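These notes concern the structure reproduced below.
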Amino acid sequence: MDQAFEVLMDKIKKYNKNAEEDRALILKAYTCMKEMHSSQLRHSGEPYFIHPYEVACILADMELDTQAVIAGLLHDVIEDTEYSYDRMKEEFGEQVAMLVEGVTKLDKIKCISKEEAHIENLRKMFFAMAEDIRVVLIKLADKIHNMRTLKHMKPEKQLEKAKEALDVYAPLAYRLGISKIKIELEDLALKYLDSVAYYEIVDGLSQKQSERDAYVQNVRGVIADKMEEMGIKCHIAARAKHIYSIFRKMYNQNKTLDEIYDLFAVRIIVDTVAECYAVLGIVHEEYKPIPGRFKDYIAMPKPNMYQSLHTTVIGPDGQPFEIQIRTWDMHNVAERGIAAHWKYKEGKAGDTKNLDWVNKLLEIQSEAVDPEDFMRTLKIDMFADEVFVFTPKGDVIGLPAGSTPIDFAFYIHSAVGYKMTGAKVNSKIVTLDYKLQNGDIVEVITSSANKGPSRDWLKLVKTSTARSKINSWFKKENREINIERGKNAVETELKRVGMSQSELFKSKYLDPMLKRYGFSNVEEMYAAIGFGGITAAKVITRLRDSYQNDHKEELPPEIIAKQVGKKKGKSESGIEVKGVDNCLVRLSRCCNPVPGDDIIGFITRGRGVSVHRCDCINVLPENITEDMKSRMIECNWLDDISSSFSAEISIECTNRPGVLADVIGVVAEQKLNLIAANARGLKDRTALIDITVEVEDKEHIESLIRRLHRVPGVYDIKRTRG
């Protein structure tokens, strides 16, 4: 028998009493996986089947059920081979097929950009997660193994994957309470995003290892003696803070590694909750607690179900360190999170009723018309720092930091938010823009006479829940007005791009667009545009893209037809203005367009045509008036351009010695002329570097950006948009 398979079975047997009964099905999945991936290799040159096998082992370490482990073995089969969903359903059951489908990417969906495809993948995963929490656990296992083997990828891919792990999957693991995965993802991501800082911390911790071990041994001995005197059985262990946590502390507090003293925490595990509080008393008798550093997560658990007592005390030689006190059950939850609570019973899918944030997220998404809304929701509602406040009855509510009483009201219920007239915090009247603080007791003042929310509230709220409910109210209350506004906006946009409704509003273009944004009919689309749920420019752009894909072999007939008898002129700037001859043309300095950029012209008063990039802030639909829209004109780049163009690039990076020199060195390597450079440090130990360079076209810029991404410590690079 295959030794690797036996290793997997040994892991499963440790927690699954039915492992032997399931052995045949697991072996069938293992054999199928090896056969389907037999001709594929990973970037490392290893056989591809090693990856799904390791994913299944990670799931077994999380003590998930047989179906989840099998889905882990098969999670890439549908996506990467000819093996079909129907075949998987027939051979391994509907649940396994559904789990694999939930994890499978949406490669067949037509998306405007790579970013949109990524957002679609995330959105699909979260909807599948609502049906069965195992979907996201499999995805996390997949992400962990990919991060462990990231060294075999190209540098630009390493940065992309590491940023995704840090921005999306580590916070997701935290929300699910799976600290082991969260910590490993953060540390692995930092290794690639800022290798200089990562290895600096690793080397520093290594040098202090023996000193720290002696210190911890002393503390453990003192506490163990006290526990024995009290007759309390306990397990005492020490753990170093993980590397990313130390990194955050160093840069947030502007400290060196030598200036951070609480590099480790002592963990005490006992049998009962009563013993947790007894141990806390003993610890505070022995070591002086630091005021304000005690947290009772037993009485008030975190939303991810985490429970422990945390206290920071002054140890021997005046050195502070943290002590965590918990029961064995709490420790199991802290390590495994939702996987420790979740049980698969009676053929029902994984239960998410205790994960209120999942349900809130999906409630919002049921009303979303734009996939970009999903990413904004994730960043605000799921990944933001939290404040914990109380209802007048003593219930604990967790909200993103910066939330207001309006957010609180809509969190309780939409009806409470709609009838809200004011709020009290700690029995005192506060303004609606008051930022809620930890421990606040919040009471919402309502009136049945209130006619509904104010549009000004949209400027005050923090949560997507509140924003969605307010927009929903205006959408329903002003439907006819919104439809009329939407129609007018679409007509204006059609005039701007020089196309007609009869050309674009054909079912073969319109139906996919309506389905894409979740509209059941055109009126719903108009209403959404009218209340600001989506822009007319986005709708028309998608329709026009579909139209142009359908007419690839032709010159733009819609423009030719509209310009019969008009002259077409060329400009020394390398730009052709449609329907205008001998016109003064200048490139706008706010966005510095270069050949290859999508551009739009703006007819100025007395200064000819100013040419902007289409993504320039100054020409986005939401930032221009009706008069300005009427002065927009179509422009194109000419084919034979020999001029050079200036491009401004903004680089966000770690504020480390030599980073500016490294950036300028890359510009020199690319043989580009550096026109200007400006660097400034920010409060959180990051830096912002703005450079202006001479380039030939957009491809030239993209090549430079790819190379800049390899500079250690560089997080993000953007072109100036105005």
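The values are calculated or read from the model by the stated rules, or taken from the named source; none is laboratory data. Quantities reported herein were computed from a predicted structural model and do not represent experimental measurements. Cβ atoms come from the backbone with ideal geometry, glycine included; neighbour counts cover every protein chain shown. What goes into the accessible areas is simple: the full protein's heavy atoms, side chains included, and nothing from ligands, DNA or RNA. Shrake-Rupley method; radii C 1.70, N 1.55, O 1.52, S 1.80 Å.
Quick check on region 154-168: of everything there that is open to solvent by less than 10 Å² (accessible area, probe 1.4 Å) and at pLDDT 85 or above, which residue is nearest to residue 652 (Cα to Cα)? Ranking the candidates gives 162 first.
From the residues in region 420-471 that are surrounded by fewer than 17 Cβ atoms within 10 Å (Cβ to Cβ) and part of a helix (DSSP H, G or I), which one is modelled with the lowest pLDDT? Filtering first and then ranking leaves 455. Listed conditions (1) outside any strand (DSSP E or B); (2) open to solvent by less than 40 Å² (accessible area, probe 1.4 Å); (3) within 19 Å of residue 624 (Cβ to Cβ); (4) at pLDDT 80 or above are all met by residue 601, apart from (1).
Given the criterion at negative phi and surrounded by fewer than 16 Cβ atoms within 10 Å (Cβ to Cβ), identify the matching residue among 91, 101. Don't jump to the end; show me each part of the working.
On the way: 101 fails: surrounded by fewer than 16 Cβ atoms within 10 Å (Cβ to Cβ).
Every option except 91 fails the conditions.
Within region 291-308, restricting attention to residues that are basic (Lys, Arg) and in a loop (DSSP other than H, G, I, E, B), which residue is nearest to residue 321 (Cα to Cα)? That would be 293. If only residues of region 17-56 that are open to solvent by 10 Å² or more (accessible area, probe 1.4 Å), assigned to a helix (DSSP H, G or I) and hydrophobic (A, V, I, L, M, F, W, C) are counted, the one that is farthest from residue 146 (Cα to Cα) is 24.
Can you report the number of residues in region 516-560 which are at pLDDT below 80 and open to solvent by 70 Å² or more (accessible area, probe 1.4 Å)? Summing the residues that are at pLDDT below 80 and open to solvent by 70 Å² or more (accessible area, probe 1.4 Å) in region 516-560 gives 8.
Only one entry in 682, 638, 688 is surrounded by fewer than 20 Cβ atoms within 10 Å (Cβ to Cβ) and at pLDDT 85 or above, namely 688.
Taking the conditions exactly as written (touching a Ser or Thr at 6+ places or on another chain (Cβ under 7 Å), farther than 10 Å from residue 73 by Cβ and either in a helix (DSSP H, G or I) or small (Gly, Ala, Ser) (or both)), does residue 10 satisfy them or not? So residue 10 does not fit the description; no. Criterion applied to 124, 151, 191, 182 was being at pLDDT 85 or above, within 17 Å of the chain's Cα centre (by Cα) and open to solvent by 20 Å² or more (accessible area, probe 1.4 Å), and the one residue passing it is 182. Would you mention how many residues in region 691-722 are in a strand (DSSP E or B) and surrounded by fewer than 21 Cβ atoms within 10 Å (Cβ to Cβ)? Counting residues in region 691-722 that are in a strand (DSSP E or B) and surrounded by fewer than 21 Cβ atoms within 10 Å (Cβ to Cβ) gives 7. Condition test on residue 677, is it within 30 Å of residue 201 (Cβ to Cβ), at pLDDT 80 or above and open to solvent by 60 Å² or more (accessible area, probe 1.4 Å)? Against the criterion (within 30 Å of residue 201 (Cβ to Cβ), at pLDDT 80 or above and open to solvent by 60 Å² or more (accessible area, probe 1.4 Å)), residue 677 does not qualify. Applying the set (1) in contact (Cβ under 8 Å) with a residue 60 or more places away in the chain; (2) outside any loop (DSSP other than H, G, I, E, B); (3) of a type in the set (A, V, I, L, M) to residue 641 leaves exactly one unmet item: (2).
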